[in-house]
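Below you'll find the structure, written out as structure tokens, and then a few comments.
The values are calculated or read from the model by the stated rules, or taken from the named source; none is laboratory data. For clarity, every value in this text was computed on a predicted model and none was experimentally measured. Here the Cβ is made from the backbone with ideal geometry for all residues, glycine too, and neighbour counts use every protein chain on show. Ligands, DNA and RNA are stripped out before the accessible areas are found, and what is left, the full protein with its side chains, is counted by its heavy atoms. Shrake-Rupley method; radii C 1.70, N 1.55, O 1.52, S 1.80 Å.
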Amino acid sequence: MESQERKILEAKVRNAIEQIRPYLQQDGGDIAFVSLTEDNVVNVELQGHCGSCPYAMMTLKQNVELAIQDAIPEIKAVENIHPIE
């Protein structure tokens, strides 16, 4: 993928995360974009209550990942850079 295409894809991912962020913030959590890998995996950091919530992985996979993939089908997965305990 060309550099310009990668920048456009990253901008789309950042925008999708901004759309999701208010829902996480309602429950005292947050999410931060970290990186987009060459194989289109989005790395994020769950913050606040999301970092310690027992349902964080479910939220990440069933809400965040699906919303991002729905908006941007090229995205293969969304991963938290800090494992949820």
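Key figures
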| item | result |
| --- | --- |
| Proximal charge balance of K12 [Cβ under 13 Å; K/R count +1, D/E count -1] | -2 |
| Rg over Rh [alpha-carbon atoms, Kirkwood Rh] for the chain | 0.96 |
| Assigned charges on the beta-carbon of Lys, Arg, Asp, Glu; the chain dipole about Cα centre (debye) | 140 debye |
| Protein accessible area in the chain, 1.4 Å probe - carbon and sulfur % | 50 percent |
| Accessible area in square angstrom per residue, the chain, 1.4 angstrom probe | 62 Å² |
| Derived scalar couplings ³J(HN,Hα) [segment 59-67; Karplus, 6.51 cos²θ - 1.76 cosθ + 1.60; whole Hz; x for Gly, Pro] | 4, 4, 7, 8, 10, 5, 4, 5, 5 |
| Under 15 Å from the Cα of K76 - aspartates and glutamates, other chains or at least 8 residues apart | E10, E38, D39, E65 |
| Under the Karplus curve 6.51 cos²θ - 1.76 cosθ + 1.60, θ = phi - 60°, whole-Hz ³J(HN,Hα) for segment 44-55, x wherever Gly or Pro sits | 10, 10, 7, 10, x, 5, 5, x, 10, 6, x, 9 |
